[in-house]
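The values are calculated or read from the model by the stated rules, or taken from the named source; none is laboratory data. Computed from a predicted model, the values in this text were never measured in an experiment. Ideal geometry is used to build each Cβ from the backbone, glycine not excepted, and the neighbour counts take in all protein chains shown.
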Amino acid sequence: MSTPAQAVPRPTFTLSAIAGLAGLVIIGCLVAAVAPAIDHASNPTATRPGLISFLGVGLTVLALTVVLLLFGLRGMLPRTGIFVGAAIGYNALLLAVKLGLGPIAIYAQNDWYRAHALPPGQYGEDPGFSFLTNPLAYPGVAALMAILYGGAFFLLYLIFKSGLQRKLGMRVALERRAVQLIIAMFCIAVAGAVTLLGLLGFIEYAFSIVYAGTVALLIAVDLIAAIALCSIAFNEASEQAAALRNVTVLSTFAWIGLAFIAAYHIIWVVFLLTLVSTWPLKPWSYISAGAK
């Protein structure tokens, strides 16, 4: 009886990948801090961020992502046009939600709160944000969102890893770095939830998105399309891994994909903190008789 062929590992250039991802985070955070300031300076009377903030940050991070996928990580990932197109596509859709539609939904809810504010001197609950006005809530919110995105990505990895095992007729071990990343993301998310402020902020953030009307629908369609494109990218990586009998083609994509998700959420924290400090959200309050 012949024994199953063993997959031959190939170099993964981990240090250069980590350096590239670190550069993405550093430059992304710098732009996330600077773009809103330029936006506000160009239109100081605006009550909400504009295109300079959203496009300035989103397009910059997307451009850096594309450069990393096409050049910086080229030797580590599948080189087929379908894989590259799908990988760029689903990352672009994730960025559209994280750095565009999500924050837009918050400010749409903020506009509603301002429109329904009670006049001074009237009894009642004045609508507004209860937790997202506190900067300390945002790291916890980001951690909880990251584990949701990362968990969905890791689940796709497990599904395609199982299929690759059947194709190769051999056991394929879990990617160590991917497992370490998802465990770290889970632990940080648990810490964010335990602080309670992060959990309540996450619920308030989700509430803002759900009640954002058309923006909520766009976010839903965007995420479904992102899952579809991510599945195509995983399928291409799995097919190439089977053809080359090289499991690192799939496993390397798994940990790099999770690292991109973590990087986007770090940038999101800086971006949202900058936005709410520049264009403050309306706080919830109780207005009593005679209040000014």
Among the residues of region 115-128, count how many are surrounded by fewer than 14 Cβ atoms within 10 Å (Cβ to Cβ) and not in a loop (DSSP other than H, G, I, E, B). 3
I'm trying to understand the selection: among the residues of region 38-86, which are in contact (Cβ under 8 Å) with a residue 40 or more places away in the chain, over 17 Å from residue 253 (Cβ atoms) and among the polar types (S, T, N, Q)? 47, 53
What pairs can you find where one residue is in region 15-30 and farther than 15 Å from residue 60 by Cα, the other is part of a helix (DSSP H, G or I) and among the aromatic types (Phe, Trp, Tyr), and their Cβ atoms are less than 9 Å apart, with a gap of 6+ or different chains? 17/255
Residues in region 20-29: is at least one under 20 Å from residue 257 (Cβ atoms), hydrophobic (A, V, I, L, M, F, W, C), crowded, with 17+ Cβ neighbours inside 10 Å and modelled with pLDDT of 95 or more? yes
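Would it be correct to say that residue 191 is small (Gly, Ala, Ser), in a helix (DSSP H, G or I), modelled with pLDDT of 90 or more and surrounded by fewer than 16 Cβ atoms within 10 Å (Cβ to Cβ)?
No; evaluated as a whole, the condition is false for this residue.
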Please state which one of 144, 164 is farther than 30 Å from residue 285 by Cα, out of contact with any Pro (no Cβ under 7 Å at 6 or more places or on another chain) and either among the hydroxyl-bearing types (Ser, Thr, Tyr) or surrounded by 13 or more Cβ atoms within 10 Å (Cβ to Cβ) (or both). 164
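Mind counting the residues in region 239-259 that are assigned to a helix (DSSP H, G or I) and either surrounded by fewer than 24 Cβ atoms within 10 Å (Cβ to Cβ) or among the aliphatic types (A, V, I, L, M) (or both)?
Qualifying residue count, region 239-259: 14.
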Hey, among 101, 64, which residue is closer than 19 Å to residue 258 by Cβ and aliphatic (A, V, I, L, M)? 64
